[in-house]
Amino acid sequence: MTTASTTPQRELLRSAGLRATDQRLAVLRALETSPHADAHTVFQAVLPDLPDTSLQAVYGVLGALTDAGLVRRIEPAGSPARYELRVGDNHHHIVCSKCGAIGDVDCAVGAAPCLTPLDTSGFTLTTAEVTYWGLCPDCAAAPLT
């Protein structure tokens with residue numbers, strides 16, 4: 001069934017050279033409602049609409065979407081890989097060191113790669129990944145236990 005929300009998703013997939021399968025559409029919808037989701041969270045979100053899908057299939061879809069540049073994979077220390085739809089702007093992330101909540105942080109300085117090291121060892125810089133750590137508002141307001 002084609003809905004208003006899946007039509008742009010279908011076009012997005014096709015523009016990236018991917019077929020607009022039910023699994024890919026379901027994963028994109030899941031990431032729209034759960035940015036920074038891990039594969040298990042995405043799997044749980046698509047399961048009601050696709051009861052015959054598997055966690056491995058979700059990993060495959062996430063990999064294909066990441067390879068096509070439609071999804072960004074981030075890997076905060078101590079956390080499973082997370083996936084988001086915000087791509088192409090080289091933004092950074094802030095992670096709560098208590099509950100693991102993740103938020104987006106725009107580039108710290110200027111345009112991508114946002115930071116310039118003193119020595120690039122001959123590399124051409126394209127991206128900088130910065131992870132800020134701290135406490136989210138809920139954890140910071142919680143009483144100490």
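Key figures
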| item | result |
| --- | --- |
| Scope segment 52-72; condition closer than 20 Å to Asp104 by Cβ and either polar (S, T, N, Q) or assigned to a helix (DSSP H, G or I) (or both); matching residues | Leu62, Leu65, Thr66 |
| Every pair of residues 6+ apart whose Cβ atoms lie under 8 Å, when the first sits in segment 120-131 and is in the same structural domain as Asp106 (by TED's automatic domain parsing) and among the polar types (S, T, N, Q) while the second is surrounded by 14 or more Cβ atoms within 10 Å (Cβ to Cβ) and in a loop (DSSP other than H, G, I, E, B) | Thr126/Ala112; Thr126/Pro113; Thr127/Asn90; Thr127/Ala112; Thr127/Pro113; Thr131/Pro76 |
| Breaking point among (1) at pLDDT 85 or above; (2) more than 29 Å from Asp22 (Cα to Cα), for Leu125 | (1) |
| Matching entry among Gly110, Gly103 (being surrounded by fewer than 18 Cβ atoms within 10 Å (Cβ to Cβ), on the phi > 0 side of the Ramachandran plot and modelled with pLDDT under 95) | Gly110 |
| Conditions (1) farther than 23 Å from Pro8 by Cα; (2) without any contact (Cβ under 8 Å) to a residue 24 or more places away in the chain; (3) assigned to a loop (DSSP other than H, G, I, E, B): number failed by Pro80 | (2) |
| Test: residue in segment 31-51 that is in a loop (DSSP other than H, G, I, E, B) and either among the β-branched types (Val, Ile, Thr) or not assigned by TED's automatic domain parsing to the domain that holds Arg14 (or both) | no |
| Per-region count, segment 42-59, residues in contact (Cβ under 8 Å) with a residue 12 or more places away in the chain and closer than 15 Å to Leu25 by Cα | 10 |
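The values are calculated or read from the model by the stated rules, or taken from the named source; none is laboratory data. Please read these numbers as outputs of a predicted model, since none were measured by experiment. Positions of Cβ are generated from backbone atoms using ideal geometry, with glycine treated the same way; all protein chains shown enter the neighbour counts.
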